[in-house]
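What follows is a set of notes on a single structure, which appears directly below.
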Amino acid sequence: MAEPSAGRQKVVIVGAGPVGSLAALYAAARGDDVEMYELRGDLRDPNTIPLNFTKSINLALSERGITAMRQANREELIKRVLADAIPMHGRMIHGRSDGKLWEAAQTYDVHGRAINAVDRGTLNNALLDELSRTPNVKMFFNHKLTGADFRTNRAWLERRTPGTAYTPESVTEIEITFDYLIGADGAHSASRYHMMKFARVDYQQEYIDALWCEFRIPPHPETGDFQISPNHLHIWPGKEFMFIALPSADKSFTCTLFAPAWHYEKLEKSSPQDLVTSFDYNFPGVCPNLITPEALSEQFTENPHLPLISLKCKPHHFGSSVVIVGDAAHAVLPFYGQGLNAGLEDIRVLFSFMDQYGVYDDHVSPTPEARASARAAALQAYTNQRTADTWAINDLSKQNYLEMRWGVKSPVYKLRKTVEETLDRYVPSLGWQTQYSRVSFSNQRYSEVIASVKRQGKLLGVAGLGSVLVSVMIGAGVLMRWPERLSLGAVWRTLFGRN
């Protein structure tokens, strides 16, 4: 990291979630004067209602996110976050066969590495508390971005009086200036909206045909302990449906039902008993074993049924004055657990380019004009690299939905996973890893992950074809030598050991 510069910049960050908060820490560490504006009230206040009126899907913190936070050089921050995190070493697949419930563990990594289930509030609070102790950071809550001019570096916000009904008298418009603005205000980003008035932004938005609803498996009513293994991400897969459960620090599980919109419509019109019957058929063992029928019906009725959005855009910046990060630039589906990690990694990559191009080096950028020129080059380099990677994880997340709800039970999936993990364990010099390990347990660029996995797939395909050809040649030789003694069935048993 570059040393703090004598030529201080004023940085405005829109959005006080984990990604925006980490950006504020990075900028403040480099000597910038930071102002962070958040639409909601102070997120540390338990009375602050999330924008979607739910706790949201639990967060999975893995290597990329941890690396990004470590490079903020706030060791106590990492300790605090990981102290309450629960390591998940793999998936636990649930099902029922011949009337009996079963579960089967699938490890994530042959080297024992785990992803971490973290509470969104715990993570966000830890980051905001760090910012509160940072003298060159100011935080403003209940401020809505309503306009921006990225040529003159000005923005306008509505300051709202907390706890009052919206009236013209309860709102004050303010104008602010900045050297550059970081938009970290989520998938429905106002920063991106205003940036698109200045930059020629290619933009793609997609809602997949699935909704999600949150449920809760409480601690065991007698022991107060976890009802199922806390060190796994639990999956009840189905061809069209999926129910997952992630552990929480209070010994409960935060669960999510993913299903097509038509299925939700059908259940909404059904009776509570039909809901229980549907769960028993699709997700055996959940109700009444883990969630009572009454609680299941209550949570399905009261918790919102929310859509799932993914988006891509390019560029992620305009000139030297604005850059968008996190969901504002690349909302991804939650099925790889990389939304948070990709957003935090954005900040590490963004500021690495700022350092590389001398934005904080007084010898390279001795004047505001030189600093703006270096910043423009850094933001362009950031867009060039990060767009390819965020589009890649967007695609991977869509693909993983199919894997989680059905592929995890496929013999082909299990075979490839076994082969790749065996090579990783016993011949590490080959550099062979599963796609999941590359995504979750490394900082390899997402676009390079896809390229590496494609190469491995081709090699496995060639190896598999070679094995078949060798088997056929052996079989042909056997037939030529003993044609009268071997039937086709005998040849099959000779080659493949099957009856």
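Here are a few things to note about the model shown:
- Within segment 134-174, all pairs of alpha-carbon atoms sorted by distance into 10 Å bins from zero give the percentages 26, 42, 27, 5.
- Evaluated with a Cβ-only charge set (Lys, Arg +1; Asp, Glu -1), segment 267-358 carries a dipole of roughly 480 debye about its Cα centre, given to the nearest 20.
- Binned Cα-Cα distance frequencies in the chain - 10 Å width, integer %: 4, 17, 25, 23, 16, 8, 4, 2, 1, 0
- Projected label points at D250 and R154, each 7 Å from Cα along the beta carbon direction, are separated by 4.7 nanometres.
- Maximal additional length on extending the E75-T107 stretch stands at 8.6 nm, based on 0.36 nm per residue less the C-alpha distance.
- Checking the cross-link pairs K239/K314; K79/K251; K269/K312; K100/K239; K314/K398 against a 24 Å limit on the alpha carbon distance flags K239/K314; K269/K312 as lying beyond it.
- FRET efficiency for the S271 to D84 pair, using the beta carbon distance and R₀ = 35 Å, is estimated at 0.35.
- The label point for Y426 and the one for I309, both projected 7 Å from the Cα toward the Cβ, are 4.9 nm apart.
- P(r) histogram, all alpha-carbon pairs of segment 199-329 included - 10 Å bins from 0, percent: 11, 35, 25, 16, 10, 3, 0
- Hydrodynamic radius of segment 47-193 per Kirkwood, over alpha carbon pairs, in Å: 19.4
- In this simple spin-label approximation, K10 and V364 carry label points 7 Å from Cα along the Cα→Cβ vector, and these lie 2.5 nm apart.
- Computed from backbone phi with θ = phi - 60° and the Karplus coefficients 6.51, -1.76 and 1.60, the 3J(HN,Hα) list for segment 247-260 is x, 10, 5, 7, 6, 9, 10, 8, 10, 9, 9, 10, 7, x Hz; x is used for glycine and proline.
- Helical content alone sets the calculated 222 nm signal of the chain at -13000 deg cm²/dmol, taking -39,500 (n - 2.57) per DSSP H segment of four or more residues and averaging over every residue.
- Taking only the Cα atoms of segment 143-248, the radius of gyration and Dmax are 22.3, 63 Å.
- In plain terms, the chain from D98 to T134 could stretch by 6.9 nm, reckoned as 0.36 nm per residue minus the Cα-Cα distance.
Each reported figure results from applying straightforward, stated rules to the coordinates on display, with no laboratory input. It should be emphasised that the depicted structure is a prediction, and the values quoted were computed from it without experimental measurement. Here Cβ is always computed from backbone atoms with ideal geometry, including for glycine, and neighbour counts include all displayed protein chains.
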